[in-house]
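The values are calculated or read from the model by the stated rules, or taken from the named source; none is laboratory data. Please read all numbers here as calculations on a predicted model, not as lab measurements. Every residue, glycine as well, gets a Cβ built from its backbone with ideal geometry; the counts of neighbours run over all protein chains shown.
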Amino acid sequence: MVREKFKKTNSYKNVGGDKSWIPVDYDGGGDGFYIDLNPGPKGKVGQIIFLSHETGPDGPHFPDFVAYLEDGASKLEAGKY
(Lines give C-alpha, C1' and ligand atoms only; values in the text may rest on other atoms or scores of the structure.)
Protein backbone atom coordinates (compact mmCIF):
# COMPACT_ATOMS: atom_id res chain seq x y z
CA MET A 1 0.00 0.00 0.00
CA VAL A 2 2.69 2.52 0.96
CA ARG A 3 4.82 1.69 -2.07
CA GLU A 4 1.82 2.11 -4.39
CA LYS A 5 1.11 5.58 -3.03
CA PHE A 6 4.77 6.53 -3.41
CA LYS A 7 4.77 5.43 -7.05
CA LYS A 8 1.65 7.51 -7.59
CA THR A 9 2.77 10.77 -5.97
CA ASN A 10 6.61 10.63 -5.95
CA SER A 11 6.43 13.21 -3.14
CA TYR A 12 8.85 11.49 -0.78
CA LYS A 13 11.69 9.06 -1.36
CA ASN A 14 11.95 6.52 1.42
CA VAL A 15 9.23 4.18 2.66
CA GLY A 16 10.81 3.36 6.04
CA GLY A 17 12.53 6.46 7.31
CA ASP A 18 15.26 8.80 6.22
CA LYS A 19 18.03 10.69 8.01
CA SER A 20 16.88 13.82 6.19
CA TRP A 21 13.46 13.66 7.88
CA ILE A 22 13.43 15.96 10.92
CA PRO A 23 10.84 15.06 13.58
CA VAL A 24 8.39 17.85 14.40
CA ASP A 25 6.05 16.02 16.76
CA TYR A 26 5.14 12.49 17.69
CA ASP A 27 2.63 10.62 19.80
CA GLY A 28 5.08 8.42 21.71
CA GLY A 29 3.97 5.35 19.78
CA GLY A 30 6.09 5.90 16.70
CA ASP A 31 3.77 8.14 14.69
CA GLY A 32 4.41 11.79 13.89
CA PHE A 33 5.04 14.63 11.48
CA TYR A 34 8.46 15.21 9.89
CA ILE A 35 10.09 17.96 7.83
CA ASP A 36 11.32 16.30 4.64
CA LEU A 37 14.66 17.74 3.49
CA ASN A 38 15.16 15.15 0.74
CA PRO A 39 11.81 14.80 -1.09
CA GLY A 40 10.97 12.77 -4.16
CA PRO A 41 10.92 14.28 -7.65
CA LYS A 42 7.45 15.79 -7.22
CA GLY A 43 7.97 16.84 -3.60
CA LYS A 44 9.23 20.11 -2.14
CA VAL A 45 12.15 20.55 0.26
CA GLY A 46 10.66 21.37 3.65
CA GLN A 47 7.32 19.69 3.06
CA ILE A 48 5.68 18.08 6.09
CA ILE A 49 4.98 14.36 5.87
CA PHE A 50 3.43 11.98 8.39
CA LEU A 51 5.18 8.77 9.36
CA SER A 52 3.13 5.93 10.83
CA HIS A 53 4.92 3.02 12.47
CA GLU A 54 2.28 0.72 10.94
CA THR A 55 1.88 2.00 7.38
CA GLY A 56 4.97 4.12 6.73
CA PRO A 57 5.12 7.66 5.34
CA ASP A 58 2.17 9.59 3.94
CA GLY A 59 1.77 13.02 2.47
CA PRO A 60 2.79 15.66 2.14
CA HIS A 61 0.27 17.02 4.62
CA PHE A 62 1.60 20.59 4.59
CA PRO A 63 3.77 22.41 2.03
CA ASP A 64 6.16 23.71 4.72
CA PHE A 65 6.71 24.21 8.44
CA VAL A 66 4.96 27.60 8.46
CA ALA A 67 1.76 26.02 7.11
CA TYR A 68 2.03 23.29 9.77
CA LEU A 69 2.34 25.93 12.52
CA GLU A 70 -0.51 28.03 11.08
CA ASP A 71 -2.77 24.98 11.06
CA GLY A 72 -1.95 24.25 14.70
CA ALA A 73 -2.51 27.88 15.69
CA SER A 74 -5.88 27.97 13.93
CA LYS A 75 -6.99 24.80 15.71
CA LEU A 76 -5.78 26.19 19.04
CA GLU A 77 -7.70 29.45 18.51
CA ALA A 78 -10.80 27.46 17.57
CA GLY A 79 -10.61 25.55 20.87
CA LYS A 80 -9.80 22.18 19.33
CA TYR A 81 -6.98 21.50 21.83
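Of all residues in the stretch 31-81, count the ones that are more than 16 Å from Asn10 (Cβ to Cβ), assigned to a loop (DSSP other than H, G, I, E, B) and of a type in the set (A, V, I, L, M, F, W, C).
Matching residues across the stretch 31-81 total 2.
Residue under question is Lys13, and the condition is that it be more than 10 Å from the chain's Cα centre (by Cα) and either at pLDDT below 95 or of a type in the set (Gly, Ala, Ser) (or both); does it hold?
Numbers: more than 10 Å from the chain's Cα centre (by Cα): yes; either at pLDDT below 95 or of a type in the set (Gly, Ala, Ser) (or both): yes.
Yes: the conditions hold for Lys13.
Go through the stretch 41-81 and report how many residues are surrounded by fewer than 16 Cβ atoms within 10 Å (Cβ to Cβ) and touching a Ser or Thr at 6+ places or on another chain (Cβ under 6 Å).
Residues that pass the stated criteria total 1.
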